[in-house]
Amino acid sequence: MKELVQVTVKGNNEIAENAFLLSFPRNFNFTAGQVIGITLAKAEEPRLYSIASGAQQDEVWILYTIKTDGLLTPQLARVKAGDTIFITKPFGNFICREEKAVWIATGTGIAPFASMFFSGQHQNKVLIQGNRTKDGLYFSEHFSKQMESNYQPCCSREKRPDCFHGRVTDYLNTLENIDTRITYYLCGSAEMVVDVRDLLIEKGVPFNNIIAEIFF
Ligand SMILES: Cc1cc2nc3c(=O)[nH]c(=O)nc-3n(C[C@H](O)[C@H](O)[C@H](O)COP(=O)(O)OP(=O)(O)OC[C@H]3O[C@@H](n4cnc5c(N)ncnc54)[C@H](O)[C@@H]3O)c2cc1C
């Protein structure tokens, strides 16, 4: 069992339907893209969550959705400011620094890229973010303001003037030429990661230029 540290929750707010942003004071260093384990009881196996806040921020943010039949998230959604939770140390290698790259995320898979963005690592990057509705494009107002045309939101179930209508794979299919020399970072469900990886490989991106983090 990993070492667990108790922290006091600062906030736990529903930021979109079924999606919450949990926050607590940062008392450790981490690299954007890393995860921590969270549990409400020491006896229960911690679930993994990507840190969504920047590496220099005073607060740690965790973006999560409720799995209605899940063990942790229905209980986590009831946690209030002042309650205590247990966390592990940060770990993981889903890390992207200064290099030119494309970030592709769906759902809560945006969390590691949000952390990279809030850590100031969005220069040289293109971010493609997908969800069914605009509501689920978490942090999109920050991305569109600072990344401008390097930010491409995609909504598959909602038509909006500021979003591509379709999935991230549909958007990638509209691109005639994609840069096959740079690295593509993917984060989200296994289904999305497999579909996007197949498509990129078909378009000529070498397997080794595709780095993925799957939220299972
Ligand atoms: C590297 C990584 C990073 C992640 N980051 C995030 C993040 O930033 N935000 C986020 O929301 N999630 C993230 N996740 C997912 C997260 O770890 C949890 O899996 C998720 O929040 C559900 O937790 P839970 O305890 O509520 O559900 P769980 O109890 O873990 O159940 C999840 C699902 O699996 C099913 N299930 C559980 N046990 C079994 C079983 N024995 N057999 C079959 N099905 C079963 C449940 O019915 C449910 O549908 C990440 C996962 C990984 C691996």
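Using DSSP, restrict attention to beta bridges with both residues in the chain and report what percent are antiparallel, rounded to the nearest 5.
The answer is about 50 percent antiparallel.
Would you be so kind as to identify which of Ile62, Gln121, Ser149 lies farthest towards the positive end of the dipole of the chain, taking Lys and Arg as +1 and Asp and Glu as -1 on Cβ and the Cα centre as origin?
So the residue furthest toward the plus end is Ile62.
Which one of Ile38, Ile51, Ile201 has the biggest mean-square fluctuation once the chain is modelled by GNM with Cα springs under 10 Å?
Sorting by GNM fluctuation, first place goes to Ile201.
Tally Lys and Arg at +1 and Asp and Glu at -1 over the other residues with C-beta under 14 Å from the C-beta of Val193: what net charge comes out?
Summing Lys/Arg as +1 and Asp/Glu as -1 gives -2.
Using Cα-Cα distances under 8 Å and only pairs 6 or more residues apart, what relative contact order does region 101-214 have, in percent?
Relative contact order of region 101-214: 28 percent.
For region 58-133, what D do you get in µm² per second when you plug the Kirkwood radius from alpha-carbon pairs into Stokes-Einstein at 25 °C and 0.890 mPa s?
The Stokes-Einstein estimate is 166 µm²/s.
Give the order of Thr73, Thr180, Thr108, Thr174 when sorted by the count of other beta carbons within 10 angstrom, beginning with the fewest.
Ascending number of Cβ neighbours within 10 Å: Thr174, Thr180, Thr73, Thr108.
With unit charges on the beta carbons (Lys and Arg positive, Asp and Glu negative) and the dipole taken about the Cα centre of the chain, which residue among Gly92, Leu137, Ile178 sits farthest to the positive side?
Highest projection toward the positive end goes to Gly92.
About its Cα centre, what dipole magnitude does region 1-123 give when the only charges are +1 on Lys and Arg Cβ and -1 on Asp and Glu Cβ, stated in debye to the nearest 20?
140
At a Cα cut-off below 28 Å, give the lysines reachable from Lys10, other chains included and same-chain residues fewer than 8 away excluded.
Once the sequence-local lysines are set aside, what remains near Lys10 is Lys2, Lys42, Lys67, Lys80, Lys89, Lys134, Lys145.
Rg and Dmax in Å for the chain, alpha carbons only: what are they?
When restricted to Cα atoms, the chain yields Rg and Dmax of 17.1, 52 Å.
What order do you get for Glu213, Glu59, Glu98 when you list them from fewest to most C-beta neighbours inside 10 Å?
In increasing order of surrounding Cβ atoms, one gets Glu98, Glu59, Glu213.
If you average the alpha carbon positions of region 16-81 and of region 120-152, how far apart do those two centres end up, in angstrom?
With region 16-81 and region 120-152 each reduced to a Cα centre, they are spaced 21 Å.
What is the ratio of the Cα radius of gyration of region 5-87 to 2.2 N^0.38 Å, with N the residue count, to two decimals?
So the Cα radius of gyration is 1.01 times the expected 2.2 N^0.38 Å.
Rule-based calculations on the coordinates, nothing more; no lab input. Because the structure is predicted, anything quoted here is derived from the model rather than measured. In this analysis, Cβ positions are derived from the backbone assuming ideal geometry, glycine residues included, and neighbour counts consider all displayed protein chains.
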